4 protein chains.
Amino acid sequence: MIIQLQQGIPAELKENILKQVSEIGYKANEVITQEAHYLVAIGKKEFDIRHIGQLPGVADIHRVSEEYKLISRKWKVEPTRIDLGDGVTVGEGNFSIMAGPCSIESEAQIESVVAHLKENNVRIMRGGVFKPRSSPYAFRGMGMDGLKMFHRICRENDIKIITEVMQVSQIEEMIDYVDVFQVGARNSQNFNLLDSLGEAQKPVLLKRGISGTLEELLQAAEYIFSHGNEKIMLCERGIRSYEGAYRNVLDLNAVPVLKEKTHLPVIVDPSHGIGLRDYVESMSLAAVMAGADGVIYETHQTPEKAFSDAQQTVNFWESERMIRRMRQAYDLRESF
Amino acid sequence: MIIQLQQGIPAELKENILKQVSEIGYKANEVITQEAHYLVAIGKKEFDIRHIGQLPGVADIHRVSEEYKLISRKWKVEPTRIDLGDGVTVGEGNFSIMAGPCSIESEAQIESVVAHLKENNVRIMRGGVFKPRSSPYAFRGMGMDGLKMFHRICRENDIKIITEVMQVSQIEEMIDYVDVFQVGARNSQNFNLLDSLGEAQKPVLLKRGISGTLEELLQAAEYIFSHGNEKIMLCERGIRSYEGAYRNVLDLNAVPVLKEKTHLPVIVDPSHGIGLRDYVESMSLAAVMAGADGVIYETHQTPEKAFSDAQQTVNFWESERMIRRMRQAYDLRESF
Amino acid sequence: MIIQLQQGIPAELKENILKQVSEIGYKANEVITQEAHYLVAIGKKEFDIRHIGQLPGVADIHRVSEEYKLISRKWKVEPTRIDLGDGVTVGEGNFSIMAGPCSIESEAQIESVVAHLKENNVRIMRGGVFKPRSSPYAFRGMGMDGLKMFHRICRENDIKIITEVMQVSQIEEMIDYVDVFQVGARNSQNFNLLDSLGEAQKPVLLKRGISGTLEELLQAAEYIFSHGNEKIMLCERGIRSYEGAYRNVLDLNAVPVLKEKTHLPVIVDPSHGIGLRDYVESMSLAAVMAGADGVIYETHQTPEKAFSDAQQTVNFWESERMIRRMRQAYDLRESF
Amino acid sequence: MIIQLQQGIPAELKENILKQVSEIGYKANEVITQEAHYLVAIGKKEFDIRHIGQLPGVADIHRVSEEYKLISRKWKVEPTRIDLGDGVTVGEGNFSIMAGPCSIESEAQIESVVAHLKENNVRIMRGGVFKPRSSPYAFRGMGMDGLKMFHRICRENDIKIITEVMQVSQIEEMIDYVDVFQVGARNSQNFNLLDSLGEAQKPVLLKRGISGTLEELLQAAEYIFSHGNEKIMLCERGIRSYEGAYRNVLDLNAVPVLKEKTHLPVIVDPSHGIGLRDYVESMSLAAVMAGADGVIYETHQTPEKAFSDAQQTVNFWESERMIRRMRQAYDLRESF
């Protein structure tokens, strides 16, 4: 049960509602986000919801039976749109393109990507500075120095930054240099990180786990939301399977199903989703038609020389064509 | 190594080629299809291919290193187009729509579907008369009586028929009433059935196995081709996974990858691919943009009353909208 | 609902029971096996089972709610034991060892295996003469000539034969030379083959599908049983997964779970289950302790020279040690 | 390439070795553990290893081609044994039993489990105080208060404690109350946590990821080792699959394969591995015969009342029987 409280509710009214919730045997979780003030009450007993609904201070009330509540479309029918500032918004009504290298490598590299994005009117750049790597001996990214450089160049060019955060202690140092925190597939159930991102008030793009279910992805988003942050995007990035012909199986089924289950934007990562450069465009276009609110993909001036993910990174020529075609596909979809 | 022989090659020239192939330690498999006459030679020794290529009677020769040969795009770059007669062709240059009920149920049911297809200018109707069912006590289809009725009504209306064949002994009785034999996911490695379909000269739509790899699908197609039948379509229909939110995971990655590996047409089955009616349209549109040569899906006048697969079958209103939108998406794709 | 009829029930009594079943809206499937005479009645209405149970001619009656009925342990608590003749029985109370090469290759090969088995008091030999191969150009087995040779040598040495059958038309030619028909993983849902094996009255070992669920395996067994053949063994042989370190993942969870769900014997194939020779012994021993009624594995005098499955085949020295240890493990298990 | 340095190597000798390694184009990672001092050098060039091996200060040198190095059995053939003090050792030569509730709930609960363990001469108790839960609204464990109580009772009874750590910041507060840190499946690629545990010098039990490969598990262990901690145990706990009959598929193939790839002890968790109480014993016994160095499982005085994982938790009567039988199976295995 979700109880939305009136903004600026007096303490005594809230206490009264909490008391009533407690009396029917429910446990209330208080959630204060950028947008609103909620009580999420968990319990099993049947009772007449109007009993709570008519209390003073209650703005709205709804029963939600899933394991996730606040992010459910049953609670909020209106799609969430996330404003990144300067006219950049993610969510229904836009098709968001986020592109850039796997890893931030150098000033020259950032500048070449930024120029490519500007030419194509793309406003969000991806690029990792902390890289999760299977081997402890592999390159782990440029770290904060790389991020500061990334930030400086993007600010000068009016480009927003999305980059991966890997642990709680990085949030504070990164937050001023980032527009969207990305949570990688390996951290999709790192609950402490999710809790802390819920408190951080910065938009979050949450990737589905390597073999994560949609239910787990939605519950992970509920972690963030229930700690106070409504600005969440979900990302389908391919699941692990027995098929050896590609790196992952991009599960586009997830797109329309997630769009129905939640009001949050759904982004697709075709680069990790197939893992093979030649097919990234086809999968991007398929993602558009499946109903995605955006894509995030890897591009680099010379993919062959990229420090990581070279085999799934498109060059600028390919990227330009993809962008153009995705926009045409999106226009067609919108015309339906 | 594939050696294409000249049409009408004299016996002594062929014998000479076979002798030379044998002398280099290769084993030759003779393949005579509707289109051409081949020797597929298997062996490991390195040698100069021109030694065979310049023999009299050889039309063309090529090394193909994959486990599948004749169906490889490395052998035949030109895409295969399959002519079903009366102006119905499957393969590049067309987008083929095949629709109809899971099971053939009655004359009235067939007529209602046929009318729906004609109104929308769809020329191929699907419908099962022999149904593979997990339980021995479930409805197994109307059998040959159903097929004859299906055939009569379709012929009167200039509609082609695709229907599933489950065993070798059915081929002969079905062949006069069928335009395309469908091999279901459970039979995708029923090698005897594949051998026999190779001899049957009727077009075949071959579904990927329930957890089949692309390699297995391609080798299954090679079975059919190497027994003399070049008229093969491959079908992606979803793979089994841990995800419980839908029946299968439609693997659209398979579409561009198969299109590059083979010259055969690639069809997508969004109905089985997601298994939930509300999302069939989204996945159909995604399939178009991924590069499919066609779709096969389930439709019924009153899906709620269908004998089988009710939960993944769209009604005619939904089907009509899907057809219209798929064609628009295909037109956009062709314009790229 | 399963209704066991009295042996030799007069026709009019049976008709009366069928009439009563039909009147309550159930559809009766008549099943006559080597052991008994049943009606399996399928329907949904609630009614008092005693109404049917007290009819003359009814020996026993039971509600079984699963999708499989006659093979359920809810119907028959007593474990099934399958008598292969000459003192060879498969099922609880024994631990059955079935060993031999992947493919039958030659008279000398058969003789060497037979000698090895006799020395170790193993009474059942495996060996394929019809081989399902992914590639149409691979060795497909010695066929009937191989089977006849296999049969002659085994008969002379009092060894029983288990070998794979791949299609309906092979049953008749093979039946006199075989003690147990094996249905391979790729044919685990070849329903026509299962139907025909139900009519064949010869014991059947049914392998789980490549990504088959236990439910599908049990329903496949129900196909055989419901066509008249109670002599069925189930076989766990590994499932397909994302893990590349071995050929398959041997799913020993299946053993105790199947043992509870069905009265049929459960056999484990560690050779395909892990696919790597060095670990076959460990997995065999684990299978014993998990509760298996037997194992089937691949052995060859010189595995390196085997025509197929060389990398998962143990030599006779390894086989001898495995047999000895499995028997010790089985004795320990029986002592519990 | 692993270079083991002589203990107490003078700085100038180390510098010289580093210089030589650098000159051949390799990047050296210095690793100082409880046991030894290593340089792990990563590079691709071929060169004569003796060139480095004969330098003063080098104790041993070895090429290791896998992605994991120090934990490889190719580097260290001798199995690792981890001494927890007071005569409790994990590793070859022992069979370690770790048992206890999913969650620590109360003093009475801990005392009942401790009494059960003492009666059966089990020296290691499991129990979670920080619980990873899919839903943010679920019980998340008793936290540090629970751990201190857990520690006090276990110390009084000479029982060692294994409990899960979920984030870097918990290590310091937990370290004095814990004998083995457990890393859960969801954190198996939480690299920052692994790094920090490498510095913590406390034994670590590392669970395989929910769909983790063996390669990923081994690389995760290498993270810990390369940060200075050699005291690592690996744990197979079931993998995610399509099979709905149980919670996970216990992958016992992993046991002999891991035992060959690494010198670290391998523990099996049958409770999560099958997730169904009735079958935990069968899978425990199978784990013993597959070659495991120990098991970790869930037991509770009244499983029905446990706060979490009730359906996979055995009661004390079942636990007692399991312990007795596992020891008999282990004795048999050791007699081989």
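FYI, it's all coordinate maths here, none of it is from the lab. Because the structure is a prediction, the values reported are computed rather than measured. So basically every Cβ, Gly included, is an ideal-geometry build from the backbone, and we count neighbours across all protein chains shown.
Structure summary
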quantity: Gyration tensor verdict on the stretch B:66-134 (Cα atoms; rounded if a/c is under 1.5, prolate if a/b is larger than b/c, oblate otherwise); calculated: oblate
quantity: Inter-centroid distance (Cα atoms) of the stretch B:112-156 relative to the stretch B:205-229, Å; calculated: 24
quantity: Estimated inter-spin distance, C:Arg152 and A:Arg327, nm [label 7 Å along Cα→Cβ]; calculated: 7.9
quantity: Trypsin sites (Lys or Arg not before Pro) lying in DSSP loop within the stretch B:112-173, provided at most 11 other Cβ fall within 10 Å; calculated: none
quantity: Label spacing, shortest first and in nm, from C:Arg327 to its equivalents in the remaining copies (7 angstrom along Cα→Cβ); calculated: 2.9, 7.5, 7.8
quantity: Antiparallel content of DSSP bridges confined to chain C, in %, to 5; calculated: 40
quantity: GNM result for chain C, Cα springs below 10 Å: residue of C:Ala28, C:Ala108, C:Ala292 fluctuating most strongly; calculated: C:Ala108
quantity: Prolate/oblate/rounded label for the protein assembly as shown (Cα gyration tensor, a/c 1.5); calculated: rounded
quantity: 5 angstrom amide H check on B:Leu84, placed H, neighbours 5+ away; calculated: B:Thr89, B:Val90
quantity: Net charge over other residues, Cβ less than 13 angstrom from the Cβ of A:Lys44 (K, R count +1; D, E count -1); calculated: +2
quantity: Alpha carbon centroid spacing (whole Å) that separates the stretch B:295-336 from the stretch C:254-293; calculated: 45
quantity: Net charge of neighbours whose Cβ lies under 14 Å from the Cβ of A:Lys69, counting Lys and Arg as +1 and Asp and Glu as -1; calculated: -1
quantity: Spin-label model distance (nm) - C:His51 vs A:Glu334, 7 Å beyond Cα toward Cβ; calculated: 6.3
quantity: Calculated FRET efficiency for the pair C:Leu13/B:Glu12, C-beta based, R₀ 56 Å, to 0.05; calculated: 0.15
quantity: In the stretch B:247-334, the chymotrypsin sites (Phe, Trp or Tyr not before Pro) that fall in loop regions by DSSP, at most 13 other Cβ within 10 Å; calculated: none
quantity: Nearest-first distances (nm) between copies at D:Ile32, label 7 Å from Cα via Cβ; calculated: 4.8, 8.1, 8.6
quantity: Lys/Arg +1, Asp/Glu -1 at C-beta; chain B dipole; positive extreme among B:Leu147, B:Met289, B:Val114; calculated: B:Met289
quantity: Given charges at beta-carbon only (K, R positive; D, E negative), |dipole| of the stretch B:52-188 in Debye; calculated: 480
quantity: Beta carbon of chain A nearest to the axis of the rotation taking A to C, residue and angstrom distance; calculated: A:Tyr242, 3
quantity: Relative compactness, the stretch B:2-62, computed as alpha-carbon Rg over 2.2 N^0.38 Å; calculated: 1.01
quantity: log10 of Debye I(q)/I(0), alpha-carbon scatterers only, for the stretch B:57-207 at 0.09, 0.14 Å⁻¹; calculated: -0.34, -0.75
quantity: Sites D:Glu30 and C:Glu320, calculated FRET efficiency, Cβ-Cβ separation with R0 45 Å, nearest 0.05; calculated: 0.35
quantity: Averaged over B:136-148, number of beta-carbon atoms from partner chains that fall within 10 Å; calculated: 3
quantity: Three-way shape label, the stretch C:82-335, alpha-carbon gyration tensor, a/c 1.5; calculated: rounded
quantity: For D:Val88, inter-copy label distances in nm, listed shortest first [label point 7 Å out on the Cα-Cβ vector]; calculated: 5.2, 5.2, 7.3
quantity: Net charge dipole size for the protein assembly as shown [Lys, Arg +1 and Asp, Glu -1 on Cβ; Debye, nearest 20]; calculated: 0
quantity: Considering only the protein assembly as shown, percent of DSSP beta bridges that pair antiparallel, nearest 5; calculated: 40
quantity: Relative contact order (%) - chain D, alpha-carbon pairs under 8 angstrom, separation at least six; calculated: 16
quantity: Label zone at C:Ser169 (point 7 Å along Cα-to-Cβ), backbone N below 14 Å, the stretch B:147-179; calculated: B:167-173
quantity: Convex hull volume per residue in cubic angstrom - Cα atoms of the stretch D:169-275; calculated: 96
quantity: Value at 222 nm in deg cm²/dmol, rounded to 500, when DSSP H runs of n ≥ 4 in chain D each add -39,500 (n - 2.57); calculated: -10500 deg cm²/dmol
quantity: Unit charges on C-beta of K, R, D, E only; dipole of chain C, Debye; calculated: 460
quantity: Cleavage-rule hits (trypsin sites (Lys or Arg not before Pro)) in the stretch B:1-64: DSSP loop, at most 15 neighbouring Cβ within 10 angstrom; calculated: B:Lys44, B:Lys45, B:Arg63
